[in-house]
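> Here you go, one structure.
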Amino acid sequence: MIVHFKNSLPEGTTIHWHGLRVPAAMDGALTHDQSPIAPGAAFEYDFILPDAGTFWYHPHFDSAAQLGNGLDGPLIVDDPTEPAALGDEVVMVLSDASVDAGGRLEPADSGGDFGTLFGREGNTLAEGLTLRWLPYDRGFGTAYNRPEEDVLRIRFNDEAPAQSPELSGLGRKIPAMDVATAIPVDLSLTLTIADDGALAMGINGIPFSEAGHISARVGERQVWTVRNTFERDHPFQLHGFFFQVLDVNGIAPASREWKNTANVPVDGQMRFVVDFDDRPGMRMFHCHILDHAEAGMMGMILLQ
Ligand code: C2O
């Protein structure tokens, strides 16, 4: 995939290909040695798509604000061998955006410290938000006298979700990973309150702005234990590599999955195992409540 990207924002930005196993230089993350793409500047993202799947992309600079203002989108990588029987896919991107009474986006910092602590949530549920079909003129009168039509109406209720149908035979084989000789890495997700009352989130008590990096060797297998010392959940993301969750609060997940983000529950811990393949460089990990990430709950790992 080659993306000719031009930054037309009045501020710096990047595109992070969330969940894609791309080389570090294409990851669009802001490590201490990578700077944002300046206003007016351009960058060419160029990488091989190694995995089929449903991914997304978004800026990784001032990300709580830039995503909050709508800069994100889906990236579907099709598997050429996928059975056609699956039929058409409908991709929906649901976003928590805060809007004022006039429907304009609220500024990213409108929630203050409290908003940062909770992480931004949308403040308006668009009851009867309807997906509409709009006439598109393909020539020869194809749009003539054709009204717009409602295609899909979304209604929210309190019922439990229906069981999804069994997709037999579609599951990839995901081998268990032996962790006997894996290198352990222990992290805590922390909140510290300075003498002046300022909140700083961090990893092991250190906010991102002051953090060094942890290290890994190409070919190494590591087991990370991520402890949550907060009374709020934190979805934890490791950039660039898939991992397998071993257990959450000591309980193994019902099925084995490749993940790039997994939740660490309130006052709990999540353990995962990851193999670092031959894509060296600096990578980020962080809480994916982006207000928390921006408040310092991010770190880096240098793979050499
Ligand atoms: Cu989806 Cu590091 O971000």
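> Name the residues in segment 26-50 that are away from the ligand (no atom under 16 Å from the Cβ), assigned to a loop (DSSP other than H, G, I, E, B) and modelled with pLDDT of 90 or more, would you?
Ala38, Pro39, Gly40, Ala41, Phe47, Ile48, Leu49, Pro50, listed by residue number.
> Can I ask one more? Answer yes or no as to whether Asp291 is outside any strand (DSSP E or B), under 28 Å from Gly122 (Cβ atoms), open to solvent by 20 Å² or more (accessible area, probe 1.4 Å) and within 15 Å of the ligand (Cβ to nearest atom).
For Asp291, the condition - outside any strand (DSSP E or B), under 28 Å from Gly122 (Cβ atoms), open to solvent by 20 Å² or more (accessible area, probe 1.4 Å) and within 15 Å of the ligand (Cβ to nearest atom) - is met.
> Would you mention how many residues in segment 194-205 are open to solvent by 70 Å² or more (accessible area, probe 1.4 Å) and in contact with a strand residue (DSSP E or B) (Cβ under 8 Å, 6 or more places away or on another chain)?
1
> Asn228 - would you say it is in contact with a Phe, Trp or Tyr (Cβ under 9 Å, 6 or more places away or on another chain), away from the ligand (no atom under 16 Å from the Cβ) and closer than 22 Å to Gly119 by Cβ?
yes
> In segment 129-174, how many residues are at pLDDT 80 or above and within 18 Å of Val90 (Cα to Cα)?
4
> Has segment 267-282 got any residue that is modelled with pLDDT under 95, buried (at least 19 other Cβ atoms within 10 Å of the Cβ) and of a type in the set (Phe, Trp, Tyr)?
No; the residues of segment 267-282 include none that is modelled with pLDDT under 95, buried (at least 19 other Cβ atoms within 10 Å of the Cβ) and of a type in the set (Phe, Trp, Tyr).
> Does Ala41 satisfy being out of contact with any Cys (no Cβ under 7 Å at 6 or more places or on another chain) and either within 16 Å of His288 (Cα to Cα) or in contact (Cβ under 8 Å) with a residue 60 or more places away in the chain (or both)?
no
> Out of (1) away from the ligand (no atom under 15 Å from the Cβ); (2) closer than 20 Å to Gly119 by Cα; (3) open to solvent by less than 60 Å² (accessible area, probe 1.4 Å), what's the single condition that is false for Val248?
(2) is the only condition that Val248 fails.
> Right, something else. Does segment 258-283 hold any residues that are charged (D, E, K, R) and either part of a strand (DSSP E or B) or within 17 Å of Arg221 (Cα to Cα) (or both), and which are they?
Answer for segment 258-283, where residues must be charged (D, E, K, R) and either part of a strand (DSSP E or B) or within 17 Å of Arg221 (Cα to Cα) (or both): Lys259, Arg271, Asp275, Asp277, Asp278, Arg279, Arg283.
The values are calculated or read from the model by the stated rules, or taken from the named source; none is laboratory data. In this text the structure is predicted, and so the values were computed from the model without any measurement. Methodologically, a virtual Cβ is constructed for each residue, glycine included, from the backbone with ideal geometry; neighbour enumeration extends over all protein chains shown. The accessibility values were calculated without ligands, DNA or RNA, using every heavy atom of the protein model including side chains. Shrake-Rupley method; radii C 1.70, N 1.55, O 1.52, S 1.80 Å.
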